[in-house]
Amino acid sequence: MEKNVKKTLLLLTIFLVGFLNVAWAQDNQPAEPFVKMHFAGAVNSKYALLIMGAEEGEYTLDWGNGKTYKGKLHKTATRIQGNTEGQDLTIYGNIAVLECSNNQLTTLDVTKLPALTHLISRKNFVRALDVSANTELKFIYVQDSPLEQLDLTRNSKVDSLILTNNRLKELTLASHPTLELLMCTSNAQLKKLNLKECPKLKHLDALQTLVDEYDLSGNGELRYVAVGMGRPLRTLSLPQNNKIDTLMVPAAGLKKIDLSQTKQLKLLGIDNNYELSQLDLTGMKQLRDLSCEGNSLTSLNLSDCRNLVTLVCNNNQLSDLDVSGLDKLEILTCFSNDLSSLNLTGCTSLKSLDCSVNPKLSTADLPRSLTSLNCSSCSFSQIETTKLPLLTNLTCDGNQIGTLDLSAQTKLTAVNCSNNKIKQLDFSNCVNLLDVVIAGNPINGGISFANCNNLRYVSVNNTKLDACALNDMYRSLRKKRPEDEHNDLHGILLFNNVPGAAEVSRTQIATDKGWLVSNVGDGTGCQEDGIAKVGSESQLYINATDDGWVIGNLPADAREVLLTTLGGQVVARYRVTAPSLRVKAPRKGVYIVSVDGGNSKVCIQK
C-alpha cells in the first residue's frame, strides 16, 4: 500500500514539473506583434491600409466578431482594403511599415509593433499617439489630424518627422542624432521647439506656430529654414558660417536680421516684416530668388547679387531701384513703392516687370526681352512699344499716355490702357488679342477688331465713341464659337457703357454674333445706308451707290481726298474739282476718308 502511494506521488510530481515547464515555456514565447485601431465610420464603410513586414510572413485581421482573415505579409507593399466589419480592428503580424491615412480613425495603438520603422497617418481623428515602444521608428508622418502632443524621447532613430496641420501643443524631442527633416508647420498652439540635440537637422519648416525662440546655433547642417507667421520672433540665432541655402522668415515681426554668416543663400523670403527697414545683402553671390515685400525698406543694394533671377520688393518705401547689370533677372515686381527712378540697363533676360503704383515714376528704359509689363498708376507719358515685340500682356492704365503704337505687338493677348489720353488705337496687327480694356480714353472712332479672331473681352466704357463708331466696332467683332462657353469668362463679353451713345447704338449687331453687352441700344443714334459714318464734327457726307461712294459737301478750297486704312496705308488719292466726288468702292474693310489732311470720316465697306 505504501509503495503504491509513493509511486502515485512520484508520477504526480513528474506530471506537475512537466506541466510547469510547458507553461513557463509558453509564457516566455514572444507575443505576436499587433496594431489596434478604431474606426469612427459606420460598419460596412470602405477602408484601405498599406502594410509592409519586417520579414516575410503572414498577417491576420480580427474584427472582434469571431472571424479572422489571414494573408501573406511581404517586405514589399501589401494592400488591405474592403468594407469594415466592425469599428475595432486588430492586425497581427510583424509590421514594419503602416500607412493608415484617410480612414476616420479615432484611436491608433502601435505600442505592440516593436519592429515599426515607418508610420503614416493623414486625415484621421487621432488625438493621442504613443510611440514610446517603437524604438526602431525612422519616419513619422501625421498630418491633418487633431493630434495634441507627441513625445519622442525614446525614438532616437527618427530621421524624418512630418507633423503638419495638426493641433500640437507639445512636441518633445530629446537626443535625435539622425533627425534631418522636421516639418511642423500649421500647429497654431505649439509654443516651444528645442532643437539643440538635433545636430544633423537639414530641413526645418515651422511656419504658422507660436514658437518665438529659435536657437539654431548648434544646427550646423541646416540647409532649409522656414519660420514665422505666428508670434513675433524674440530670437533667431543661425549657425556660424552656415550652409543654409533657403531662408524664409515671413510675418515674423522682425526689426532687423543678421545675415552675415549666411552667404550661401539661393532663396531669401523675408516678406511682411513691417518694421524691417534695412537688408544687408553683402556677399550674396549665389542668391537667385529674393522676396522682401511688405517691409519698410528705403534702399536695396543688389550689387553683389549678380545671379538674381527673381526679385519681389513691392510695398516698401524705395525711392530708387538699380538692377542694372543683372543679366539673369527674369522677374521684377516692385509695385507700390515711392519710385522715381528705375534702372534696368543690361537686364537682357527680364521677362516680367510690374512697377505699377509708383506715381513719381515717369520713365524707364524697358528691355526688349519683356513679355509682360504692368506700369499702371504711374506717370508715363509714352511707352516705346515698338521696341517690345515680345509683349503678350500690357497693363498701362492710369498714366498720361497720349499715343500707343501697337503695330509691333503681334503676340499681345491682353491690353489695358484705360484712363489715359489716347485718341486713336490700331489693333490690326494684334492677331492674338483676347482681352482689351480702353475705357476712359478720349477715343472717338476707328476702333476695329477685324483681325482679332480670338477676342473674348472688350471694354470701351467712358470713351468718346458715338453711336456710329460703336456700330462700326460691333461689326468688326468676331462671331461666338461653341468653345467660348467653356472659357473662364463663360462667353464673350462687351462693356460698352458710353453715356449718350451706347443706348442709341445698334447693339444687335454684336448680340447677333453672340456677344453679351453691358448696355443695350435701340439703334436710333446713327443713320446708316450701307456705310458707317463716324465723326459728327465733320461736315462731309458719304452716300453709297451701286458701284461706289459719293463724297459730298467738300470745302470750296479742297484739293485732295485721301483714302487710307486705319494703319495709315494710302489706298487711293482723288483730285477735287467739284463740291462732290464720285469714287469706286474699295474692297471690304475699314477706311478713313480725309480732305487735305483735315476733316475725315471712318467708313466701313461691307
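The values are calculated or read from the model by the stated rules, or taken from the named source; none is laboratory data. As the structure is a prediction and not an experimental result, all values here were calculated from the model. We place every Cβ from the backbone using ideal geometry, glycine too, and count neighbours over all the protein chains shown.
Can you find, within the range 135-157, the residue that is farthest from the chain's Cα centre (by Cα) among those that are closer than 15 Å to K169 by Cα and in a loop (DSSP other than H, G, I, E, B)? I'd like the intermediate steps shown before the answer.
First, the residues of the range 135-157 that are closer than 15 Å to K169 by Cα: 142-152.
This time we only want the ones that are in a loop (DSSP other than H, G, I, E, B), so: 144-148, 152.
Details: D144: 22, S145: 26, P146: 28, L147: 30, E148: 32, L152: 36 Å.
Selected residue: L152.
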Please work out which residue is farthest from L388 (Cα to Cα), limiting yourself to the range 345-362 and to residues that are surrounded by fewer than 22 Cβ atoms within 10 Å (Cβ to Cβ) and touching a Phe, Trp or Tyr at 6+ places or on another chain (Cβ under 7 Å). V357
Between a residue in the range 41-62 that is free of Cβ contacts under 8 Å to residues at least 40 places away in the same chain and any residue that is among the basic types (K, R) and outside any strand (DSSP E or B), which pairs come within a Cβ distance under 8 Å, given they are 6 or more apart or on different chains? E55/K75; E56/K75
Scan the strands (runs of 3 or more DSSP E) fully inside the range 50-108 and keep the ones with 2 or more residues being under 26 Å from S145 (Cβ atoms), under 41 Å from the mean Cα position of the chain (by Cα) and at pLDDT 95 or above. 78-83, 95-99
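Matching residues to (1) crowded, with 23+ Cβ neighbours inside 10 Å; (2) out of contact with any strand residue (DSSP E or B) (no Cβ under 9 Å at 6 or more places or on another chain):
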| position | (1), (2) |
| --- | --- |
| N429 | no, yes |
| A450 | no, no |
| V458 | yes, no |
| N461 | no, no |
| A467 | yes, yes |
| D488 | no, yes |
| G491 | no, no |
So how many residues does the range 389-426 have that are surrounded by fewer than 21 Cβ atoms within 10 Å (Cβ to Cβ), within 26 Å of the chain's Cα centre (by Cα) and in a loop (DSSP other than H, G, I, E, B)? 4
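Those residues that are of a type in the set (A, V, I, L, M) and within 15 Å of F39 (Cα to Cα), I need them from the range 51-79; list them, please. It would help to see each step written out before you state the result.
Of all residues in the range 51-79, those of a type in the set (A, V, I, L, M) come to 51-52, 54, 61, 73, 77.
Across the range 51-79, the qualifying residue is only L61.
Could you list all residues from the range 548-567 that are free of Cβ contacts under 8 Å to residues at least 60 places away in the same chain, in a loop (DSSP other than H, G, I, E, B) and touching a strand residue (DSSP E or B) at 6+ places or on another chain (Cβ under 9 Å)?
Applying the first criterion (free of Cβ contacts under 8 Å to residues at least 60 places away in the same chain) to the range 548-567 yields 548-564.
Of the ones still in play, those that are also in a loop (DSSP other than H, G, I, E, B) are 553-559.
Residues satisfying the conditions are N553, L554, P555, A558, R559.
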Inspect all residues belonging to the range 333-341 and state whether any of them is polar (S, T, N, Q), over 26 Å from the mean Cα position of the chain (by Cα) and either outside any loop (DSSP other than H, G, I, E, B) or surrounded by 15 or more Cβ atoms within 10 Å (Cβ to Cβ) (or both). yes
Can you tell me which residues in the range 232-277 are under 22 Å from S186 (Cβ atoms) and more than 26 Å from the chain's Cα centre (by Cα)? P232, L233, R234, T235, L236
Cβ-Cβ under 9 Å, sequence separation 6+ or interchain: first residue in the range 164-179 and at pLDDT 95 or above, partner of a type in the set (G, A, S) and part of a strand (DSSP E or B). Which pairs? L179/S160
